[in-house]
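See structure below.
The values are calculated or read from the model by the stated rules, or taken from the named source; none is laboratory data. The structure displayed is predicted, hence computed values, not measured ones. Note that we place each Cβ from the backbone using ideal geometry, even for glycine, and neighbour counts take in every protein chain shown.
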Amino acid sequence: MLSGYIPEFRTRFRATIMGIIMGLLNERIQMMPRKELDELQLKLLKAQARRLYELSPFYRERMKAKNVTPEDIRTLDDSAKLPFMTKKDLRDFYPDKLFTVPRREIIRYHASSGTTGKPTIVGYTRKDIDMWAESLGRSLTSVGLGEDDVIQVANTYGLFTGGLGFHYAAERIGAAVVPASTGNTERQIQMIQDLGVTAYAATPSYMMYVGEVAEKMGIDLKQSTLKTGLLGAEPWSDKMRDRIQSQYGIRGINCFGASELSGPLFTECSEQTGIHFWKDVALVEIIDPETHEKLGPGESGEMVITMLQKEAFPIIRYRIGDITMLEEDTCSCGRAHPRITRITGRVDDMLIIRGINVFPSQVEHCLNTNPEVGNEFQILVERKGHLDEMLVKVELKPEAFTDNILELNALRERITSKLRNSLNVGAKVELVPPGSLPRYEGKAKRVKDTREI
Ligand code: ADP
Ligand code: ZN
């Protein structure tokens with residue numbers, strides 16, 4: 001009998017020791033002082049530049065065209081000498097012509113959602129999958145999640161990286177995972193209750209929808225075990241976060257990733273003051289999208305990302321198109337890893353209305369300052385004659401929707417004038433009943449632009 005206990009004891013002992021070691025390593029890298037982090041990042045940047053120069057005809061040619069060799073990378077600022085990559089490169093070399101490992105080293109494929117055109121394919125080696133889980137897992141521990149948590153993953157499982165990304169990260173930190181994927185919302189809410197789910201990973205639009213359905217079912221999420229929303233994959237505003245936090249009694253943690261980079265990789269810490277980018281995983285720069293000059297901390301521009309340890313599909317100075325700012329000072333949580341502030345939009349989702357730049361996130365922010373406004377809106381853009389016309393359909397909250405035309409007209413006038421002031425261009429506003437606009441399980445698609453280019 002005893003002989004049966006000994007191997008089991010050994011296995012448990014080994015697992016406990018491994019858990020302790022991994023925990024210590026995790027803690028060490030998260031809290032590493034700035035100087036050490038910079039040294040580590042420079043070492044990884046040099047190694048990646050050298051690896052690509054030697055292995056990849058694509059990168060070697062690009063580097064030669066810029067007259068740069070791996071030896072020219074001596075400081076972190078020298079990253080600016082490296083060539084950019086764009087989404088067009090990924091599409092031109094579809095599906096796997098930029099991969100730098102043989103097929104037999106690839107253990108998984110994913111694809112982007114294709115928000116801005118043809119999806120791109122990403123391949124992963126075993127180490128790539130491991131680093132991805134490590135990066136997001138670290139982020140989850142930075143918001144205090146761990147073995148005591150039950151994390152329900154309501155991001156789509158499949159080619160989209162959201163589902164499996166959160167799944168692996170949650171398992172890595174020892175949490176219990178509920179692999180719900182999207183859809184079947186009532187059942188999702190049932191699971192939250194039955195399994196005592198403490199954290200819910202989804203797009204912010206889906207989180208709001210889950211809240212609406214819960215209300216209809218007569219369930220108050222505030223009274224549930226749910227405490228944390230791991231929300232991202234699409235632009236959302238602080239106002240929307242305020243709404244989610246106050247209506248559903250959860251903290252809304254902003255999470256960031258993109259399939260080209262691996263998938264969801266980084267989140268805010270418990271301080272909720274920007275998304276930490278682990279310095280040994282990625283190097284972030286912000287550039288002026290017109291001049292390509294590097295911008296300093298606190299200046300808004302296009303984010304450029306270099307993945308420092310990716311093997312199968314390396315990404316160097318990738319112009320991802322997201323607009324944000326960088327914060328380099330040590331966070332109040334004590335971590336010296338840089339943060340990006342909320343992403344205000346993508347260079348390519350900017351609408352030009354009568355010559356004025358308009359981001360859908362500006363519209364969302366402005367609408368959310370009105371207490372009568374409900375959870376969804378839609379922007380329709382068309383060209384009438386030579387003029388751009390923008391119509392914003394706005395859902396109202398049930399308590400604000402009334403039959404009193406005079407009251408509705410006054411509210412519409414108020415929202416129209418607020419929008420004009422915040423966007424610097426006029427938009428028509430139509431107030432629509434609660435629940436009448438489309439809901440989204442994954443990323444929201446709130447803009448319909450029917451203008452011919
Ligand atoms: P696609 O580019 O086809 O949408 P992905 O599914 O990989 O491909 O999505 C990545 C993009 O999603 C990012 O480049 C960014 O624009 C957006 N995104 C991801 N997380 C956030 C977030 N927290 N806030 C705003 N946008 C985000
Ligand atoms: Zn922090």
Open item on the list: Criterion first (hydrophobic (A, V, I, L, M, F, W, C) and either modelled with pLDDT under 95 or surrounded by 18 or more Cβ atoms within 10 Å (Cβ to Cβ) (or both)) does A444 satisfy it?
Closed with: yes
TODO: Kindly indicate which of E299, E327 is surrounded by fewer than 19 Cβ atoms within 10 Å (Cβ to Cβ), over 25 Å from L90 (Cα atoms), within 16 Å of ligand 1 (Cβ to nearest atom) and not hydrophobic (A, V, I, L, M, F, W, C).
DONE: E327
Task: Residue among M390, M350 that alone is of a type outside the set (K, R), out of contact with any Leu (no Cβ under 9 Å at 6 or more places or on another chain) and within 30 Å of S113 (Cα to Cα) - done: M350
Open item on the list: Quick check on my filter: what residues within the stretch 45-57 are in contact with a Leu (Cβ under 8 Å, 6 or more places away or on another chain) and crowded, with 19+ Cβ neighbours inside 10 Å?
Closed with: L45, Q48, A49
Open item on the list: Quick check on Q362: is it modelled with pLDDT of 95 or more and either at negative phi or over 31 Å from the mean Cα position of the chain (by Cα) (or both)?
Closed with: no
Open item on the list: Test of understanding: among M240, M217, which residue is outside the structural domain of N375 (by TED's automatic domain parsing), in contact (Cβ under 8 Å) with a residue 12 or more places away in the chain, in contact with a helix residue (DSSP H, G or I) (Cβ under 8 Å, 6 or more places away or on another chain) and surrounded by fewer than 15 Cβ atoms within 10 Å (Cβ to Cβ)?
Closed with: M217
- [ ] Take the stretch 338-349 and flag every residue that is assigned to a loop (DSSP other than H, G, I, E, B) and either within 12 Å of ligand 2 (Cβ to nearest atom) or among the small types (G, A, S) (or both).
- [x] P338
TODO: Six or more apart or on different chains, Cβ under 6 Å: which pairs go from a residue in the stretch 182-210 that's assigned by TED's automatic domain parsing to the domain that holds A154 to one that's of a type in the set (F, W, Y) and surrounded by 24 or more Cβ atoms within 10 Å (Cβ to Cβ)? Could you list them?
DONE: A201/F166; P204/W236
Open item on the list: Every residue in the stretch 357-385 that is loosely packed, with under 13 Cβ neighbours inside 10 Å and touching a residue at least 40 places away in the same chain (Cβ under 8 Å), please.
Closed with: T369, R383
Open item on the list: For the stretch 337-353: of the residues being of a type in the set (A, V, I, L, M) and surrounded by fewer than 20 Cβ atoms within 10 Å (Cβ to Cβ), which is farthest from ligand 1 (Cβ to nearest atom)?
Closed with: I352
TODO: Kindly indicate which of Y168, Y94 is of a type in the set (F, W, Y) and over 30 Å from E271 (Cβ atoms).
DONE: Y94
- [ ] Would you point out the residue of the stretch 269-287, among those that are assigned to a strand (DSSP E or B) and in contact with a Lys or Arg (Cβ under 8 Å, 6 or more places away or on another chain), that is nearest to ligand 1 (Cβ to nearest atom)?
- [x] I275
Open item on the list: Just checking: which of the strands (runs of 3 or more DSSP E) contained wholly in the stretch 350-415 hold 2 or more residues that are closer than 11 Å to V429 by Cβ?
Closed with: 373-384, 387-396
TODO: Could you tell me whether any residue of the stretch 423-432 is touching a Gly at 6+ places or on another chain (Cβ under 8 Å) and outside any strand (DSSP E or B)?
DONE: no
Task: Residue, nearest to M350 (Cα to Cα), within the stretch 321-337, restricted to residues that are away from ligand 2 (no atom under 11 Å from the Cβ) and in a loop (DSSP other than H, G, I, E, B) - done: M325
Open item on the list: Any residue that is more than 16 Å from ligand 2 (Cβ to nearest atom), surrounded by fewer than 21 Cβ atoms within 10 Å (Cβ to Cβ) and farther than 18 Å from T141 by Cβ - is there at least one of those in the stretch 250-264?
Closed with: no
Open item on the list: Exactly one condition in (1) polar (S, T, N, Q); (2) touching a Gly at 6+ places or on another chain (Cβ under 9 Å); (3) more than 16 Å from ligand 2 (Cβ to nearest atom); (4) farther than 21 Å from E260 by Cα is false for S113; which is it?
Closed with: (4)
- [ ] Give me the pairs, please: first residue somewhere in the stretch 335-350 and closer than 30 Å to I29 by Cα, second residue anywhere and away from ligand 2 (no atom under 14 Å from the Cβ) and basic (K, R), beta-carbon distance under 9 Å, and either six or more positions apart or on two chains.
- [x] A336/K35; R342/R241
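Each row is one residue, and each column tells you yes or no for (1) in contact (Cβ under 8 Å) with a residue 24 or more places away in the chain; (2) under 26 Å from the mean Cα position of the chain (by Cα); (3) outside the structural domain of N375 (by TED's automatic domain parsing).
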site	(1), (2), (3)
M390	yes, no, no
E395	yes, yes, no
P398	yes, no, no
E407	no, no, no
R412	no, no, no
R420	no, no, no
V425	yes, no, no
S436	yes, no, no
K443	yes, yes, no
